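Undergrad: Questions regarding the structure given below will be posed in turn.
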Amino acid sequence: AQKITQTQPGMFVQEKEAVTLDCTYDTSDPSYGLFWYKQPSSGEMIFLIYQGSYDQQNATEGRYSLNFQKARKSANLVISASQLGDSAMYFCAMRPTGANSKLTFGKGITLSVRP
Amino acid sequence: NAGVTQTPKFQVLKTGQSMTLQCAQDMNHEYMSWYRQDPGMGLRLIHYSVGAGITDQGEVPNGYNVSRSTTEDFPLRLLSAAPSQTSVYFCASRKGGDSPLHFGNGTRLTVT
């Protein structure tokens, strides 16, 4: 079974600064994918970034990057140059590789960006 | 592109009533799933389907039924609503490989 841990309390960051949101995971599967989603106050779930367990480089998507440390089983999301619109709940999720595999979510972290 | 469409957006039920949450996707995704989101609990998988005619249970399936008669539709049925089923429900779909889940906008259900 997979487990995703997001233990940070509500996070605060000043506008234009960078912030790291922590995620650790536990799995016995040799191959898996890690995902981050954003949920603004309007409620929709927005996919941000993906990292495969065998990818050699850390994933990046615009201002988002994933600091993947496989040995430590961590997949932290780094948001650079924070914007007010980044204020939201952020979920880390993991799925073993395979067509029928299920996505397991962490409990989420709330990020507030201060002007 | 409509993506994943959920209806209704809001619903209030009395204990014991039944209802169906509708979910449709127009992306020809084989995989579809239902999650519920509760404060402090993240998203928990209720049921999922890997193709038409195939469904399976997730983490919290009790009190819910699903069917998948077509690739496009994946309705979630509450058989006899209970206050513990008060939640926000998300339907999601994806194609194969490493593709991310695409979510509908959610249904906020209150059971009184």
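Undergrad: Considering every residue within region B:89-101, establish whether at least one is at the interface with chain A (Cβ under 8 Å from one of its Cβ atoms), charged (D, E, K, R) and touching a residue at least 12 places away in the same chain (Cβ under 8 Å).
TA: no
Undergrad: Looking at region A:103-115, I want the residues that are in a strand (DSSP E or B) and have a partner that is β-branched (Val, Ile, Thr) with Cβ atoms under 8 Å, at least 6 apart or on another chain. Which pairs are those?
TA: Every condition considered, the pairs that remain are A:Thr104/A:Ile4; A:Phe105/A:Ile4; A:Leu111/A:Val13; A:Leu111/A:Val19; A:Leu111/A:Ile79; A:Ser112/A:Val13; A:Val113/A:Val13; A:Arg114/A:Val13.
Undergrad: Can you find a residue that is surrounded by 16 or more Cβ atoms within 10 Å (Cβ to Cβ) and on the phi > 0 side of the Ramachandran plot anywhere in region B:63-71?
TA: no
Undergrad: Among B:Met27, B:Met32, B:Met19, which is touching a residue at least 12 places away in the same chain (Cβ under 8 Å) and crowded, with 19+ Cβ neighbours inside 10 Å?
TA: That would be B:Met32, the only listed residue that is touching a residue at least 12 places away in the same chain (Cβ under 8 Å) and crowded, with 19+ Cβ neighbours inside 10 Å.
Undergrad: Taking the options B:Val88, B:Val50, name whichever one is closer than 29 Å to A:Pro40 by Cβ and β-branched (Val, Ile, Thr).
TA: Residue meeting the stated conditions: B:Val88.
Undergrad: Still on this structure, please answer the following. Return the residues of region A:21-50 that are polar (S, T, N, Q), surrounded by 14 or more Cβ atoms within 10 Å (Cβ to Cβ) and either under 21 Å from A:Gly85 (Cα atoms) or within 12 Å of another protein chain (Cβ to nearest Cβ) (or both); say none if nothing qualifies.
TA: Once the filter is applied, which keeps residues that are polar (S, T, N, Q), surrounded by 14 or more Cβ atoms within 10 Å (Cβ to Cβ) and either under 21 Å from A:Gly85 (Cα atoms) or within 12 Å of another protein chain (Cβ to nearest Cβ) (or both), region A:21-50 yields only A:Gln39.
Undergrad: Further question on the same structure: Find the residue count for region A:14-30, including only residues that are farther than 18 Å from A:Leu66 by Cα and not in a loop (DSSP other than H, G, I, E, B).
TA: 1
Undergrad: I'm trying to understand the selection: among the residues of region A:53-67, which are within 23 Å of A:Asp26 (Cβ to Cβ), loosely packed, with under 12 Cβ neighbours inside 10 Å and not hydroxyl-bearing (Ser, Thr, Tyr)?
TA: Across region A:53-67, the qualifying residue is only A:Gln56.
Undergrad: What's the total number of residues in region A:46-91 that are assigned to a strand (DSSP E or B) and of a type in the set (Ser, Thr, Tyr)?
TA: 6
Undergrad: Where in chain B are there strands (runs of 3 or more DSSP E), lying fully within it, with 1 or more residues that are of a type in the set (Gly, Ala, Ser) and modelled with pLDDT of 95 or more?
TA: Hits in chain B: B:19-25, B:31-38, B:42-51, B:87-94.
Undergrad: Which condition does A:Leu84 not pass, out of (1) of a type in the set (A, V, I, L, M, F, W, C); (2) under 25 Å from B:Met41 (Cα atoms); (3) touching a Pro at 6+ places or on another chain (Cβ under 9 Å), if it passes all the others?
TA: If we test A:Leu84 against (1) of a type in the set (A, V, I, L, M, F, W, C); (2) under 25 Å from B:Met41 (Cα atoms); (3) touching a Pro at 6+ places or on another chain (Cβ under 9 Å), just (2) comes out false.
Undergrad: Could you tell me which residue of region A:88-115 is nearest to B:Phe90 (Cα to Cα), considering only residues that are surrounded by fewer than 19 Cβ atoms within 10 Å (Cβ to Cβ) and either away from chain B (no Cβ under 12 Å) or acidic (Asp, Glu) (or both)?
TA: A:Ser112
Undergrad: For region A:13-22, check the following and say yes or no: at least one residue is touching a residue at least 24 places away in the same chain (Cβ under 8 Å), under 13 Å from A:Met89 (Cα atoms) and among the small types (Gly, Ala, Ser).
TA: So far as region A:13-22 goes, no, none of its residues is touching a residue at least 24 places away in the same chain (Cβ under 8 Å), under 13 Å from A:Met89 (Cα atoms) and among the small types (Gly, Ala, Ser).
The values are calculated or read from the model by the stated rules, or taken from the named source; none is laboratory data. Computed from a predicted structure; not experimentally measured. Every residue, glycine as well, gets a Cβ built from its backbone with ideal geometry; the counts of neighbours run over all protein chains shown.
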